[in-house]
Amino acid sequence: MRAVSLFLIFILAKLIIVWGNAAPVTGWSLVAYVWQDAMVALVFGISDMALRRIGTPARMTWTIYWVVAIYTAINIPVGRAVFTPLTWPMLRAARGPLADSMFEYLTATNILLVAFVLTAAAVFPRLIRLTPRSFAKFAVICGVTLVLLGPIVSHRTDTYGMDRNVVTALIGNRFPRVKASARAGDWRKSRFDVDRGEDLRQFMAAARGFNLVMISLESTAAQYLSLYGGEKKVMPNLNALAQSSLVFENAYAVYPESIKGLYSVLCSTFPAFNSQPEDYENSGCRSVASVLREFGYRTALFHSGRFGYLGMESVVRHRGYETLEDAGDIGGKYNSSFGVDEPATVARMLAWIDALPHGQHFFITYLPIAGHHPYATPERGPFSGSDEIDQYRNALHYGDVSLGVLAEGLRTRGLAGNTVWIIYGDHGEAFHQHVGNYGHTFFLYEENIHVPFLIAAPGIMRKQERIHKVVSLVDIAPTILDLMGLALPEQYQGRSVLNPVSRMALFFTDYSLGLLGLRDGRWKFIYEIGSGKTQLFDLQRDPSEISNRSKDEAARVSWYTQVVRGWSNAQKNYIARAATP
């Protein structure tokens, strides 16, 4: 009785989520969507019978029933928003700084849907008591059939991770999905013919003795910026800086989340699958800030958010920054759960520069939060549309205004001619361009990881030059040191983008589904751990990633699969060994 009721609750909740995301539902995909629900219900039913036989009070199994039912109902707002059940990384991320984002989903519709499912959880057992005993046998037969067919169908059907039950998604994410291996390899070297990259060696050491400003634009995907073909002029001050710059058209984040992404930039080292920022605290990283500090640079990092979020302290502290300030240090006129206003942070940075001795070289890192969900801004922006993407554009524009204030501040101080700007998006942001893809952490499509990246230096670059080769944000630190004419630490895994050798970009995500991927010339590859499903896109002909070419390019897919699996295993081993005292 309770097992059948639980199964019906799973189905009801999943139908609400799938319907709300307009996901494809066919006869076979329906089997794929529900087989894990049937499996969990069967396990619960067997456990229920075993507990009754040993004389366990019924209230024990009723307690389990209601805990699972309530948890299933809680997952409804989550699934409707991001098309995934809750996972441990998601639960870890749901802290105070995200209060404003989470409050956005406390809507009347979501409250009614949760209440509806909980009411059904109370009603279903009473209704099932009225059915013939043969119904229970029929339900068991159907459940077993679904469990037997489910794994076969799931490998042939796209469910975008919604085939998982809320319990299996939570438990499964706790088990290692990548096996550490000491296997070595040049994982970014392609075996296929790829055009030689642009030769930028004329800029090596060209910025020796220059100041450096590095800005990580929060949740900024390349495709929304007019600099990259976006329909709206969202960031005019960024466009102005780009007039004297190298603009990299195919730059990729290593990981679609800020904290581990920042580690890859500062330390030129890939993070590892299913790892935590705390794992990197003792990784032996010699960050770009540390190197520059050794050569006499004053170093500072200013963050409009909070270092306490998701273990960020482990990534930024003891990395060579003499000054570290976040929202708590900066204050500001406008406060949210995530941080403070950008004008306050920019004012603080300019005050820090003013306090330096005359002629002192500096390296300043700025981590704004403008662009982060829920895309709130203190004042109305120029985009008046009611869609959420217009709110997002206004947030990016708001951050861009402060970028302009910072640039003007350096000009008025006579520092524009001897300052290099490194500006990149820490990751992208998705607005349902693909089924279930919202936010940034869950998938590896272009809207998640294709980011802006430019090197602006009016003192040495007289015009804009667009660079087409594929680069990774893990290449930023060695590129900075190459520009400054300084030696690169041997442990860096990135390579300077000034070198003409073209290399693949590698990336992954582990917040929900385990996905590995790469960009190799015109080709984009995504591999799903567990199911083994692959996606291959020819971005030259299919920039929206609609047509999966995996079946047409079997040899390419086979080799790419070996690369991403080998790389992720090796990096898991590398980080694990580095983190061991």
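List of remarks:
- Across region 167-197, the qualifying residues are those that are in contact with a strand residue (DSSP E or B) (Cβ under 7 Å, 6 or more places away or on another chain) and open to solvent by 50 Å² or more (accessible area, probe 1.4 Å), and the one among them that is nearest to residue 572 (Cα to Cα) is 192.
- Filtered residues of region 262-284 (kept if modelled with pLDDT under 90 and either part of a helix (DSSP H, G or I) or closer than 20 Å to residue 497 by Cα (or both)): 277, 278, 279, 280
Let's see how each residue does on (1) crowded, with 22+ Cβ neighbours inside 10 Å; (2) part of a helix (DSSP H, G or I):
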site: 371; (1), (2): yes, no
site: 375; (1), (2): yes, no
site: 378; (1), (2): no, no
site: 384; (1), (2): no, no
site: 395; (1), (2): yes, yes
site: 404; (1), (2): no, yes
site: 433; (1), (2): no, no
site: 447; (1), (2): yes, yes
site: 455; (1), (2): yes, no
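- Residue that is farthest from residue 547 (Cα to Cα) [pool: residues in region 135-151 that are open to solvent by 80 Å² or more (accessible area, probe 1.4 Å) and modelled with pLDDT under 80]: 137
- Filtered residue count, region 342-367, keeping only those that are open to solvent by 20 Å² or more (accessible area, probe 1.4 Å), farther than 23 Å from residue 208 by Cβ and of a type outside the set (A, V, I, L, M, F, W, C): 3
- The single condition among (1) assigned to a helix (DSSP H, G or I); (2) aromatic (Phe, Trp, Tyr); (3) without any contact (Cβ under 8 Å) to a residue 60 or more places away in the chain that residue 105 does not satisfy is (1).
- Of the residues examined, residue 33 is one that is surrounded by 21 or more Cβ atoms within 10 Å (Cβ to Cβ), touching a residue at least 40 places away in the same chain (Cβ under 8 Å) and among the hydroxyl-bearing types (Ser, Thr, Tyr).
- Top-ranked residue in region 232-259 [being charged (D, E, K, R) and more than 22 Å from residue 524 (Cα to Cα); ranked as surrounded by the fewest Cβ atoms within 10 Å (Cβ to Cβ)]: 233
- Whenever a residue of region 483-499 is over 23 Å from residue 245 (Cα atoms), its partners that are of a type outside the set (Gly, Ala, Ser) and open to solvent by 30 Å² or more (accessible area, probe 1.4 Å), lying with C-beta atoms within less than 6 angstrom and at least six residues away or across chains, give the pairs 489/286.
- Filtering region 173-217 to residues that are modelled with pLDDT of 95 or more and within 30 Å of residue 437 (Cβ to Cβ) leaves 214, 215, 216, 217.
- Failed criterion for residue 157 (all others in (1) surrounded by 15 or more Cβ atoms within 10 Å (Cβ to Cβ); (2) in a helix (DSSP H, G or I) hold): (2)
- If you check 92, 80 for being of a type in the set (Lys, Arg), within 28 Å of the chain's Cα centre (by Cα), modelled with pLDDT under 80 and open to solvent by 30 Å² or more (accessible area, probe 1.4 Å), only one passes: 92.
- Total residues in region 296-341, condition open to solvent by less than 30 Å² (accessible area, probe 1.4 Å), over 23 Å from residue 93 (Cα atoms) and charged (D, E, K, R): 1
- Some residue of region 525-547 being in a helix (DSSP H, G or I) and closer than 18 Å to residue 449 by Cβ: no
- Flag for residue 137 being more than 30 Å from residue 367 (Cα to Cα), more than 21 Å from the chain's Cα centre (by Cα) and not in a loop (DSSP other than H, G, I, E, B): yes
- Check on residue 481, farther than 30 Å from residue 86 by Cα and outside any loop (DSSP other than H, G, I, E, B): yes
- When the criteria are applied in full, residue 517 meets the requirement of being open to solvent by less than 30 Å² (accessible area, probe 1.4 Å), touching a residue at least 60 places away in the same chain (Cβ under 8 Å), out of contact with any Asp or Glu (no Cβ under 9 Å at 6 or more places or on another chain) and not in a helix (DSSP H, G or I).
The values are calculated or read from the model by the stated rules, or taken from the named source; none is laboratory data. Since we're looking at a predicted model, the values are computed, not measured. Positions of Cβ are backbone-derived with ideal geometry, glycine not excepted, and every protein chain shown enters the neighbour counts. Heads up: the accessible areas ignore ligands, DNA and RNA and are worked out on the full protein's heavy atoms, side chains in. Shrake-Rupley method; radii C 1.70, N 1.55, O 1.52, S 1.80 Å.
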